[in-house]
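Right, one structure below, let's go through it.
The values are calculated or read from the model by the stated rules, or taken from the named source; none is laboratory data. Every value quoted in this text rests on a predicted model; they were computed, and no experiment measured them. Glycine gets a Cβ as well: all are built from the backbone with ideal geometry, and neighbour counts include every protein chain shown.
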Amino acid sequence: MTTPMSARRMSERRGSAGGAHRMSAVSGSRPSISDPRRGSIDPLRLIPMDQALPIEGSDDFNVVFIGAGNIMFGSDEGPWNHSFRLEHKLGPRLKVVALIDPAVQRAQEVLRAKCKTFVKSAYENTRVFKNLDEFIANMTPKERPRAVIIGSPPQFRGTSKPGKDIELQILKNFPGIAMFVEKPVATGPQDDIKDAFTIAKTIRDSQTICSIGYMLRYLKATQMMKKIISENNLTVMATIARYACAYEAIAKPDWWDKSRSFGPVIEQGTHFCDLSRYFGGEVDISTVSAHSLEHYENAGRLSAMKVDESQIPPENRIPRVTAATWKYDSGAVGNFTHIVGLQGSDYSCELEVYADGYSLKLVNPYVQPVLYVRRPGSDDEQTYRFPDDDPFFSEISNFIDVIEDIEEDPDAAQILSSYEDAVKSYELTWAIRAASEKSKKKATD
Ligand SMILES: NC(=O)c1ccc[n+]([C@@H]2O[C@H](COP(=O)([O-])OP(=O)(O)OC[C@H]3O[C@@H](n4cnc5c(N)ncnc54)[C@H](O)[C@@H]3O)[C@@H](O)[C@H]2O)c1
């Protein structure tokens, strides 16, 4: 479980970014994603998917999928489904040349289902492989991909260790081929983060186009916040993020076990830590402090858990509340609270950004984003709603536009989450977990 169950209500027919507009690839001259005033897309360009034409051209656009799971083919847990967005964006040009997943049967089943639909032409020649090496050994020149979409679990990527080094393998075997990588960039020991930074450097030095799946950056509401900050020349003073999940709906035992999923801040809260950084800029990691409410404390007892927590060793059980603060390099202050406390299925998530005279409050970004804006001159908040927004389409649309590299309009397409930037979000979530563990009241205290 990575994001709210209630997001399933969000239709898959939502807005888009870029539409048929295309532009140049990511280059060294592009603005830094971490700069709070740069690395944004005009929200007016984020148009509904049903108004976005498939990209022009007639040549095949070969794609390799790594992982045949929910993020790639959808599930009833939420609106994510990269194959669906790629089908719309690339139209008949889409050719999925390989689907790589050790769960071969699962991969074959999803392909069978696709081949029964009108998108058959994208999948009828897809070959299933257990790993990348098998694909490389069997690939014909015609099957060479233009993009690889990586949706395998994060414990199998983001390092230089064999079997967990898919990015380096792709860079080595397919130099120049674009990568889309799901969040978080990795899950593993905190010490491995330096490895992830090395991968980031390799990606940057090779100028490989690479986008990370922090899709909330592509929300129309997020981009409107960016625009207000930029147009009014504001300096962010504080970010206050709150992520309260509906734990009753989370039935995956791994999610409740820190030794497997690495805990709710790293696995789930990562989206909001990333969004906080998108507005606040670079975090001074040495300033991160945090407290947690643990399972063995009276206030941490939960009455509606769907998993049998007694099967999880006590030291691996997840915190019920994690509350963190930090300083940004700019001097601004960040604040993030993750709560495993709601029942039912709707999550409650909000991000507030403050600057002199302004508050920008983003509410319910997964399901029905609403933005409340208070400006100088009035104590009243203005309310903005974004009914047809689809950040999953927007991130894919921008990724493909950047690969196609047509210099029609230099403002049209942007990758808003680079590998290096996403490693910094991963580093922040690990720092929050580590700080909360350091400060926690022991069961025996
Ligand atoms: N952005 C979002 O909102 C969002 C939503 C869902 C999932 N995700 C992310 O997508 C990733 C995958 O999540 P999921 O929900 O699809 O998981 P999943 O368990 O549904 O699917 C993962 C698939 O990867 C396969 N796999 C395992 N090891 C592999 C390997 N070494 N190489 C290739 N495939 C391998 C598994 O067999 C499985 O079929 C995670 O990083 C998750 O955080 C992001």
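State whether one or more residues within the range 430-445 are closer than 17 Å to Glu182 by Cβ and modelled with pLDDT of 95 or more.
no
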Q: Within the range 183-220, track down each residue that is closer than 25 Å to Arg385 by Cβ and more than 16 Å from the ligand (Cβ to nearest atom).
A: Lys220
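Out of the residues in the range 74-124 that are under 22 Å from Asn398 (Cα atoms) and near the ligand (Cβ under 8 Å from one of its atoms), which is modelled with the highest pLDDT? Before you say what the answer is, go through the steps one by one.
Here is the first cut: in the range 74-124, the residues under 22 Å from Asn398 (Cα atoms) are 74, 78-97, 119, 122.
So of that shortlist, the ones also near the ligand (Cβ under 8 Å from one of its atoms) come out as 78, 80.
On the way: Gly78: 83, Trp80: 94.
Per the stated criteria, the residue is Trp80.
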Q. Out of (1) under 30 Å from Gly281 (Cα atoms); (2) more than 16 Å from the ligand (Cβ to nearest atom); (3) modelled with pLDDT of 85 or more, the odd one out for Asp60 is which?
A. (1)
Q. Considering the range 267-317 alone, what residues qualify as being hydrophobic (A, V, I, L, M, F, W, C), away from the ligand (no atom under 16 Å from the Cβ) and touching a strand residue (DSSP E or B) at 6+ places or on another chain (Cβ under 6 Å)?
A. Phe279, Val283, Val288, Ala290, Leu293, Ala299, Ile312
Q. Looking at Tyr358, Tyr366, which one is crowded, with 17+ Cβ neighbours inside 10 Å and either out of contact with any strand residue (DSSP E or B) (no Cβ under 9 Å at 6 or more places or on another chain) or modelled with pLDDT under 95 (or both)?
A. Tyr366
(Q) Test of understanding: among Phe84, Phe73, Phe65, Phe61, which residue is among the aromatic types (Phe, Trp, Tyr) and crowded, with 24+ Cβ neighbours inside 10 Å? (A) Phe65
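In this structure, does Lys142 turn out to be assigned by TED's automatic domain parsing to the domain that holds Arg85, more than 24 Å from Ser425 (Cα to Cα) and either among the aliphatic types (A, V, I, L, M) or not in a loop (DSSP other than H, G, I, E, B) (or both)?
It is true that Lys142 is assigned by TED's automatic domain parsing to the domain that holds Arg85, more than 24 Å from Ser425 (Cα to Cα) and either among the aliphatic types (A, V, I, L, M) or not in a loop (DSSP other than H, G, I, E, B) (or both).
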Q | Matching residues, the range 242-266, being more than 16 Å from Ser292 (Cβ to Cβ) and away from the ligand (no atom under 16 Å from the Cβ) | A | Glu248, Ser259
Q. Mind checking which residues of the range 94-135 are aliphatic (A, V, I, L, M), in contact with a strand residue (DSSP E or B) (Cβ under 9 Å, 6 or more places away or on another chain) and surrounded by fewer than 16 Cβ atoms within 10 Å (Cβ to Cβ)?
A. Val104
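Can you tell which of Ile41, Ile71 is outside the structural domain of Gly280 (by TED's automatic domain parsing) and either part of a loop (DSSP other than H, G, I, E, B) or more than 13 Å from the ligand (Cβ to nearest atom) (or both)?
Details: Ile71 fails: either part of a loop (DSSP other than H, G, I, E, B) or more than 13 Å from the ligand (Cβ to nearest atom) (or both).
It is Ile41.
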